[in-house]
Amino acid sequence: MPDGKSTVSKPPVPKSPAALGKTTKDSEDINRRSFFSWLSFGWIGFVAATGGFFTMMLRFFFPNVLFEPVQTFLAGYPDDYIIGEVDTKWKDKYGVWIIRNDQGIYALSTVCTHLGCTPNWLASAKKFKCPCHGSGFKSTGINFEGPAPRPLERYRIVLADDGQIIVDKTKKFQQEKGQWEDPEALLKV
């Protein structure tokens, strides 16, 4: 500044709505419009939340349906099973092993009595061995090693009128209760 005077600039003064060419009425319209916009958004949000709530409430009127495989099935003829062998063809589809011995034919459950894993039939060792915790079962279903607290369960097994074997998984027989002596726990052929 050559003359030694300092000039201080003043900040700009905000202009009033009237100075901007807007009237007070226009300013009120903008506020009114924004209010109704926000009110509309709020109303839509409320309706969506209420609709979601009632949709969830209606869900309780419709039960969850669990489709399970058939519990009773035909397993062929007694001559299809060889004495002393464990037939594993029904293991995956129905969860059943069918065994024939000198006394007859019986159907064993494929569920380990320890924690519900599926044991495997080891033909070379002539035993069922559970891969989860090492429980061992003889071909009769009797537990002899590992943590399994009791033998495998047997299912009802009878002959149909046409001579085929019927396995009914709705009826179980437990050895520790003396139920293996039931005539339907062992099919005598």
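The values are calculated or read from the model by the stated rules, or taken from the named source; none is laboratory data. Small disclaimer: the values here were computed from a predicted structure and weren't measured. Counting neighbours? That spans all protein chains shown, and the Cβs are built from the backbone with ideal geometry, glycine included. We work out accessible area using only protein heavy atoms, side chains counted, and drop any ligands, DNA or RNA first. Shrake-Rupley method; radii C 1.70, N 1.55, O 1.52, S 1.80 Å.
Things to note:
- Of the criteria (1) under 29 Å from the mean Cα position of the chain (by Cα); (2) surrounded by 15 or more Cβ atoms within 10 Å (Cβ to Cβ); (3) over 24 Å from TYR77 (Cα atoms), which one HIS133 fails: (2)
- Residues in the range 149-189 that are under 21 Å from PHE128 (Cβ atoms), part of a strand (DSSP E or B), open to solvent by less than 40 Å² (accessible area, probe 1.4 Å) and not hydroxyl-bearing (Ser, Thr, Tyr): ARG154, ILE157, ILE165, VAL167, LYS169, PHE173, LEU187.
A quick yes/no check of all residues on (1) modelled with pLDDT under 60; (2) among the aromatic types (Phe, Trp, Tyr); (3) within 30 Å of ASP161 (Cα to Cα):
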| site | (1), (2), (3) |
| --- | --- |
| MET1 | yes, no, no |
| THR7 | no, no, no |
| PHE41 | no, yes, no |
| PHE46 | no, yes, no |
| PHE60 | no, yes, no |
| LEU66 | no, no, no |
| ASP79 | no, no, yes |
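- Given (1) under 22 Å from LYS169 (Cβ atoms); (2) in contact with a Lys or Arg (Cβ under 9 Å, 6 or more places away or on another chain); (3) open to solvent by 60 Å² or more (accessible area, probe 1.4 Å); (4) of a type outside the set (Gly, Ala, Ser), index of the condition PHE144 fails: (1)
Rundown of residues vs (1) of a type in the set (Gly, Ala, Ser); (2) part of a loop (DSSP other than H, G, I, E, B); (3) in contact with a Cys (Cβ under 9 Å, 6 or more places away or on another chain), yes/no style:
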{"site": "SER40", "(1), (2), (3)": "yes, no, no"}
{"site": "GLY45", "(1), (2), (3)": "yes, no, no"}
{"site": "PHE53", "(1), (2), (3)": "no, no, no"}
{"site": "LEU58", "(1), (2), (3)": "no, no, no"}
{"site": "PRO63", "(1), (2), (3)": "no, yes, no"}
{"site": "PRO69", "(1), (2), (3)": "no, yes, no"}
{"site": "PHE73", "(1), (2), (3)": "no, no, no"}
{"site": "ASP79", "(1), (2), (3)": "no, no, no"}
{"site": "ILE82", "(1), (2), (3)": "no, yes, no"}
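- The condition of being modelled with pLDDT of 90 or more, among the aromatic types (Phe, Trp, Tyr), more than 27 Å from the chain's Cα centre (by Cα) and open to solvent by less than 60 Å² (accessible area, probe 1.4 Å) holds for TYR106.
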